[in-house]
Amino acid sequence: MITQLITVAAVLVGAAASYFVTRASERERFNREMKVRWDRPRLDAYVAYISALKMEYTTAQKMFDILKKDSTSAEIQLLLDTLQQADLRRAEMFETVMLLADAPTIQAAHELNTKMWRLERSVCNRDDLEKATWYQFTDAWIVALNNFHESARASLGVSGGISRRDVALLLPSPRADQDG
């Protein structure tokens, strides 16, 4: 009788252990599938947001350059319209980032938006910016862009660091030319 109880107890312990191990592995598989399921839409959202942001930055840079030259009001208006469309596109893409990103990436995106708005306002208001001030604003934008990339990579589980951008490499004119 005792051997039968021991056998029944062993079967029950084995069944319970099997159940809990299976449940744990199924839960892990489900969590992994859910993470992978959202990684692709998250990546797509980040890429669309950065693309829209870069389009807006490029337009603001063109606007800054054209304001330093003798330009017609039609040229300026065309760039202002393009800049407004780029801003709307970036704002639309930012909403997707807000829905899918984690808190640090959302914070980095907010900071990046703030830096972009400062660049945009300076050219839309037709502020008489010196190149040194424009470079300072652009430097801050590049730092915010680098921070966003770091946060986005971390949220996607991409290991390794990024090669941080240097604003001197991205601007169309050399910094030695700052005095004009």
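The values are calculated or read from the model by the stated rules, or taken from the named source; none is laboratory data. Quick caveat: nothing in here was measured; it's all calculated off a predicted structure. Don't worry about glycine lacking a Cβ; one is built from the backbone with ideal geometry, like all the others, and counts go over all protein chains shown.
Below, the figures for the structure above:
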read-out: Verdict on LEU67 being at pLDDT below 95 and in contact with a Lys or Arg (Cβ under 8 Å, 6 or more places away or on another chain); value: yes
read-out: Unmet criterion (only one of (1) part of a helix (DSSP H, G or I); (2) among the hydroxyl-bearing types (Ser, Thr, Tyr); (3) modelled with pLDDT under 70) for SER173; value: (1)
read-out: In region 108-133, the residues that are of a type in the set (S, T, N, Q) and at pLDDT 85 or above; value: ASN113, THR114, SER122, THR133
read-out: Residue within region 21-44 that is buried (at least 17 other Cβ atoms within 10 Å of the Cβ) and not aliphatic (A, V, I, L, M) present; value: yes
read-out: Looking only at region 62-108, and only at residues there that are within 20 Å of LEU43 (Cα to Cα) and of a type in the set (S, T, N, Q), the one that is surrounded by the fewest Cβ atoms within 10 Å (Cβ to Cβ); value: GLN107
